[in-house]
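A.B. asks: First, the structure itself, so that you have it in front of you.
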Amino acid sequence: MSTMPNYTRLPVTFVKGEGAWLWDTQGKRYLDALSGIAVCGLGHAHPTVTTAICEQAGELLHTSNLYNIPNQQELAETLVQITKMERAFFCNSGAEANEAALKIARLYGHQQGYDKPTVIVTEGSFHGRTLATLTATGNPKVQQGFEPLVEGFVRVPYNDIEAIAKLSDNSKIVAVLVEPVIGEGGISIPADDYLVELRNLCDQNNWLLMLDEIQTGMGRTGKWFAFQHTNILPDVITLAKGLGNGVPIGSCLTRGKIADILQPGTHGSTFGGNPLACKAALAVINTIQQDNLLSRVQELSKRFKQGFENNLTDIGGVKEIRIKGLMIGIELEQACSQLVVKALEHNLLINVTAERVIRLLPPLILTNEQADEIISTVSNLVKEELG
Ligand SMILES: *Cc1c(COP(=O)(O)O)cnc(C)c1O
């Protein structure tokens, strides 16, 4: 193997996909309940996305941000319209989107005269693997061995408004960075008013509210973005994963007083917002719109909730079932990472995160039959495991 050993790979090789199905080198078919970790929301080889990519590839792949890029302008306008934000910056991954957000927080802090601007982050969060974003991440395993970590963060428990309110007299703080629903950290859904309360605290203290919607965005929770379940607006949003359906693209959206804080020379990306990636993202957004996938996600979400609650509620050893849109977490009392291989043997792709949480992030284009198959296979595996 000439690749670095930083990934533990499952013993399967996929060569083709269509919708929620994947085929391996043996021609065996699998149901994908993970979507490449919340990336392929429209499933695999979606014809609209495929056509958009092929057409764009035949015209122009890349010119650089030295020049105007019409697809980038169009994508920025579209994102601004669906979020009510004002400006978009484009990069190539989630971590880079968060790096942009963190740089914005620091610029904003220095504008206010703070020489050590500090960002509040939460326990259990995941924000990426670059030095700043792994520092922001609330998981010691991600940080271990990479010290010295980046300065300028303070950590509080997730879903704990009081802990943040207590920081109000800390004069270094300039922003809060949180996931509206924690993804990698085990599908934690905060209280309904968490974001509203955060917005209030940020307003009172002149802090930026920065939402990491990298996993929760692009329809995953049944709205374009998870914050849209409330009527607040954040100051900064980061997105990536589902935005390009597999074409690498990330974005940082801003509004209000910091909308235009990234002036020429302050930030950039060679590949960011290139014609190809933006074309793919535009095709994704159009498809979600035209196929009414947001309401479909809400429908599917109810189906999963009902299905799993019917099958698993009274099973000893099942701690909690947590569902927001198509972010599904089934927490067991015990470690259960072996379920991933067992599911694979049943031709189903799932994930286990935070050691004890079965995580499902199925594509938004799932059929009812596919949803039912996921529910029954996962329920049976859980019962077997605990029985
Ligand atoms: C995946 C993820 C990231 C990191 O995205 P990369 O594209 O892997 O850099 C950041 N934040 C959240 C919430 C994520 O789920």
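A.B. asks: Within the range 163-186, take every residue that is of a type in the set (D, E) and touching a strand residue (DSSP E or B) at 6+ places or on another chain (Cβ under 9 Å) and give me the one that is surrounded by the most Cβ atoms within 10 Å (Cβ to Cβ).
C.D. replies: For the range 163-186, the residue satisfying everything is E179.
A.B. asks: Which number in (1) under 23 Å from G17 (Cα atoms); (2) surrounded by fewer than 18 Cβ atoms within 10 Å (Cβ to Cβ) marks the one condition that Q306 misses?
C.D. replies: Answer for Q306: the failing condition is (1).
A.B. asks: Hey, among the residues in the range 62-77 that are in contact with a Pro (Cβ under 9 Å, 6 or more places away or on another chain) and assigned to a helix (DSSP H, G or I), which one's nearest to the ligand (Cβ to nearest atom)?
C.D. replies: Looking at the filtered set, the residue picked out is Q72.
A.B. asks: Moving on. Which residues, taken from the range 264-316, are of a type outside the set (A, V, I, L, M) and closer than 14 Å to I69 by Cβ?
C.D. replies: Passing the criteria: G268, S269, T270, F271, G272, G273, N274, P275, C278, K279.
A.B. asks: Something else: Criterion first (closer than 17 Å to K383 by Cα and not hydrophobic (A, V, I, L, M, F, W, C)) does E299 satisfy it?
C.D. replies: Judged against the criteria, E299 is not a match.
A.B. asks: I need a count of the residues in the range 225-254 that are assigned to a loop (DSSP other than H, G, I, E, B) and touching a Gly at 6+ places or on another chain (Cβ under 7 Å).
C.D. replies: 5
A.B. asks: Might you let me know whether the range 100-122 holds any residue that is among the acidic types (D, E) and under 20 Å from the mean Cα position of the chain (by Cα)?
C.D. replies: no
A.B. asks: Continuing with the same structure: Out of T266, T270, T254, T238, I need the residue that is of a type in the set (S, T, N, Q) and within 30 Å of V352 (Cβ to Cβ). Which one?
C.D. replies: One residue alone meets the criteria, T238.
A.B. asks: Here is a follow-up. Give the residue that is nearest to the ligand (Cβ to nearest atom), with candidates limited to residues of the range 255-277 that are closer than 21 Å to L195 by Cα and assigned to a loop (DSSP other than H, G, I, E, B).
C.D. replies: R255
A.B. asks: Within the range 316-341, can you find the residues that are in contact with a helix residue (DSSP H, G or I) (Cβ under 6 Å, 6 or more places away or on another chain), under 24 Å from E369 (Cα atoms) and among the β-branched types (V, I, T)?
C.D. replies: Scanning the range 316-341 gives I321, I323, I328.
A.B. asks: For the range 193-222, how many residues are charged (D, E, K, R) and under 19 Å from the mean Cα position of the chain (by Cα)?
C.D. replies: Residues meeting the conditions: 3.
A.B. asks: May I ask you to list the residues in the range 115-129 that are touching a His at 6+ places or on another chain (Cβ under 9 Å) and within 16 Å of the ligand (Cβ to nearest atom)?
C.D. replies: V121
A.B. asks: Moving on. Given the options A45, A20, name the one that is at pLDDT 95 or above, over 16 Å from I350 (Cα atoms) and within 25 Å of the chain's Cα centre (by Cα).
C.D. replies: Exactly one of A45, A20 is at pLDDT 95 or above, over 16 Å from I350 (Cα atoms) and within 25 Å of the chain's Cα centre (by Cα), namely A45.
A.B. asks: Any residue that is touching a residue at least 12 places away in the same chain (Cβ under 8 Å), among the small types (G, A, S) and part of a helix (DSSP H, G or I) - is there at least one of those in the range 283-293?
C.D. replies: Yes, some residue in the range 283-293 is touching a residue at least 12 places away in the same chain (Cβ under 8 Å), among the small types (G, A, S) and part of a helix (DSSP H, G or I).
A.B. asks: Another question about this same structure. Here are some conditions: (1) among the small types (G, A, S); (2) closer than 15 Å to V236 by Cβ; (3) touching a helix residue (DSSP H, G or I) at 6+ places or on another chain (Cβ under 6 Å); (4) more than 16 Å from the ligand (Cβ to nearest atom). S168 meets all but one. Which one does it not meet?
C.D. replies: Of the numbered conditions (1) among the small types (G, A, S); (2) closer than 15 Å to V236 by Cβ; (3) touching a helix residue (DSSP H, G or I) at 6+ places or on another chain (Cβ under 6 Å); (4) more than 16 Å from the ligand (Cβ to nearest atom), the odd one out for S168 is (2).
A.B. asks: Let me ask something else. More than 16 Å from the ligand (Cβ to nearest atom), farther than 30 Å from Q289 by Cα and polar (S, T, N, Q) - does that describe any residue in the range 137-149?
C.D. replies: Yes; the residues of the range 137-149 include at least one that is more than 16 Å from the ligand (Cβ to nearest atom), farther than 30 Å from Q289 by Cα and polar (S, T, N, Q).
A.B. asks: For G41, which of the numbered conditions (1) surrounded by 16 or more Cβ atoms within 10 Å (Cβ to Cβ); (2) without any contact (Cβ under 8 Å) to a residue 40 or more places away in the chain; (3) not aliphatic (A, V, I, L, M) fails to hold?
C.D. replies: Going through (1) surrounded by 16 or more Cβ atoms within 10 Å (Cβ to Cβ); (2) without any contact (Cβ under 8 Å) to a residue 40 or more places away in the chain; (3) not aliphatic (A, V, I, L, M) one by one, G41 breaks only (2).
A.B. asks: Also, I was wondering about something else. Return the residue satisfying two criteria in turn: it lies in the range 187-239 and is on the phi > 0 side of the Ramachandran plot and surrounded by 20 or more Cβ atoms within 10 Å (Cβ to Cβ), and of such residues it is farthest from the ligand (Cβ to nearest atom).
C.D. replies: Filtering first and then ranking leaves G222.
A.B. asks: Would you check which residues across the range 4-61 are in a helix (DSSP H, G or I), over 26 Å from V357 (Cα atoms) and not acidic (D, E) and list them?
C.D. replies: Selection gives P47, T48, V49, T50, T51, A52, I53, C54, Q56, A57, G58.
A.B. asks: Considering the range 78-114 alone, what residues qualify as being over 20 Å from P275 (Cα atoms), in contact (Cβ under 8 Å) with a residue 12 or more places away in the chain, away from the ligand (no atom under 16 Å from the Cβ) and of a type in the set (G, A, S)?
C.D. replies: G109
The values are calculated or read from the model by the stated rules, or taken from the named source; none is laboratory data. This structure is a prediction, so every number in the text was calculated from the model and none was measured. A quick note on method: Cβ atoms are made from the backbone with ideal geometry, for glycine too, and the neighbour counts reach across all protein chains shown.
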